[in-house]
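Student: Below is one structure. I have some questions about it.
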Amino acid sequence: MNIMLSGIRVCLLMLIVLLMTPWEVLAFDIDTHKTVGGMDVYIGVIPAEVIQGRGLSKEARMHGGAQQGRNQYHLVVALFDAKNGVRISNAQITANIARLGLGGSTKILERMKVNDAVTFGNYFALHGNASYRIRLKLDVPGKVVTEVLFEIRSTER
């Protein structure tokens, strides 16, 4: 069972990396995975037009839709229990994305269910060639509220 769960995690991580690479949102000296507070946290950042351009109105409208413009991205977060690999689907996640040294934008990540897998996400604007900090506040029933920090670098498209 644990081998299968590890395989699922590896596939999820590969999917996130695959989705990030062609659209020039590059990880900047970080991984898209961290383990904190007994949870495995995976992130992905996808250009909004990839989601909106699929022609699926449900996905295009999620989170109220992305703002117009070239630099809109969808942040997606997947959580798993670090001990047993079980997906965490009842979290409340708040994300703050900011350029280094600035206040940034804070949003609640909405629960999304795709192919029976629950993740959390929302749209954010990332402008220009800049490094950004993604600070996630993870509130999971039965666990201590935890924060985790990721850094990414966006490139102008």
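The values are calculated or read from the model by the stated rules, or taken from the named source; none is laboratory data. Keep in mind that what you see is a predicted model, and the values were worked out from it rather than measured. Reconstructed Cβ throughout: ideal geometry from the backbone, glycine too, with neighbour counts over all protein chains shown. Note: accessible area is taken over every heavy atom of the protein model, side chains too, but ligands, DNA and RNA are not part of it. Shrake-Rupley method; radii C 1.70, N 1.55, O 1.52, S 1.80 Å.
Student: So what is the accessible area of the stretch 110-157 per residue, in Å², with the probe set to 1.4 Å? Before the final figure, lay out the partial values.
Tutor: Values: 2420 Å² over 48 residues.
About 50 Å² of surface per residue is accessible.
Student: At 1.4 Å probe size, what's the solvent-accessible area of His74? Round to the nearest 10 Å².
Tutor: Accessible area, nearest 10 Å²: 10 Å².
Student: Dipole of the stretch 95-156 (Lys/Arg Cβ +1, Asp/Glu Cβ -1, origin at the Cα centre): which of Val118, Gly104, Phe150 lies farthest to the positive side?
Tutor: The one lying farthest along the dipole's positive direction is Gly104.
Student: On to the next question. Per 0.36 nm of contour for each residue apart, how much would the distance between Ala130 and Ala117 grow if the chain were fully extended, relative to their Cα-Cα spacing?
Tutor: Numbers: separation 13, 0.36 × 13 = 4.68 nm, distance 3.16 nm.
Contour length minus Cα-Cα distance gives 1.5 nm.
Student: Would you list, by chain and number, the lysines whose Cα falls below 16 Å from the Cα of Lys34, excluding same-chain residues fewer than 8 positions away?
Tutor: In chain and number order, the partners are Lys83, Lys137.
Student: Heads up, I need the accessible area for Thr32: 1.4 angstrom probe, whole protein in place, Å², nearest 10.
Tutor: Accessible surface of Thr32 is approximately 10 Å².
Student: So how exposed is Val144, as accessible area in Å² (1.4 Å probe, rounded to 10)?
Tutor: 120
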